[in-house]
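The values are calculated or read from the model by the stated rules, or taken from the named source; none is laboratory data. All values derive from a computational prediction rather than experimental measurement. Positions of Cβ are backbone-derived with ideal geometry, glycine not excepted, and every protein chain shown enters the neighbour counts. Remember, those area values only see protein heavy atoms, side chains included, never the ligands or the DNA or RNA. Shrake-Rupley method; radii C 1.70, N 1.55, O 1.52, S 1.80 Å.
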Amino acid sequence: MTIAIVATIQAKPDHHAAVLAALQAVIPPSRAEAACIEYGLWADPSVAGKWVMLERWQDQAGVQQHAASAHFQAFTRALDGLVDSVEIAQLQPAS
């Protein structure tokens with residue numbers, strides 16, 4: 001079953017550029033994963049330093065492989081101390 005993930009990231013005021021760089025860096029290797037259908041970054045124009053990552057994966061196993069990947073682990077370490085909040089919603093198709 002296809003899985004969608006909506007991750008909303010709010011950078012701390014003095015760390016917008018570093019958070020954006022980390023977000024941009026994780027995109028190419030994530031898109032290269034076999035189970036990745038879509039992996040895109042969107043900005044909220046009304047809130048400085050707020051980004052939304054929209055992801056679609058072939059299945060839950062693909063999500064788990066992504067979460068365990070070296071590039072995603074490096075990404076989460078890169079965000080440490082730089083963000084005010086991260087909200088993740090994992091969604092599935094409605095019946």
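Return one whole number: the accessible area per residue of the chain in Å², for a 1.4 Å probe. Numbers along the way, then the final one.
Working: 5540 Å² over 95 residues.
With all protein chains present, the chain gives 58 Å² per residue.
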Can you tell me how much longer the chain between Leu41 and Ala61 gets when fully stretched, taken as 0.36 nm per residue apart minus their C-alpha distance, in nm with one decimal? 5.0 nm
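Summing -39500 (n - 2.57) over the DSSP H runs of n ≥ 4 in the chain and dividing by its residue number, what mean residue ellipticity at 222 nm do you reach, to the nearest 500 deg cm²/dmol? Working shown, then result.
Working: 3 runs with 35 residues, N = 95.
Taking each H run of at least 4 residues, the total per residue is -11500 deg cm²/dmol.
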Kindly write out, for the stretch 46-53 in residue order, the coupling ³J(HN,Hα) from the Karplus curve 6.51 cos²θ - 1.76 cosθ + 1.60 (θ = phi - 60°), rounded to whole Hz, with x marking Gly and Pro. 8, 9, 4, x, 10, 10, 10, 9
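About the Cα centre of the chain, how large is the charge dipole given +1 on each Lys and Arg Cβ and -1 on each Asp and Glu Cβ? Please answer in debye to the nearest 20.
Roughly 100 debye, rounded to the nearest 20.
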How much of the accessible area of the chain, probe 1.4 Å, is carbon plus sulfur, in whole percent? 57 percent
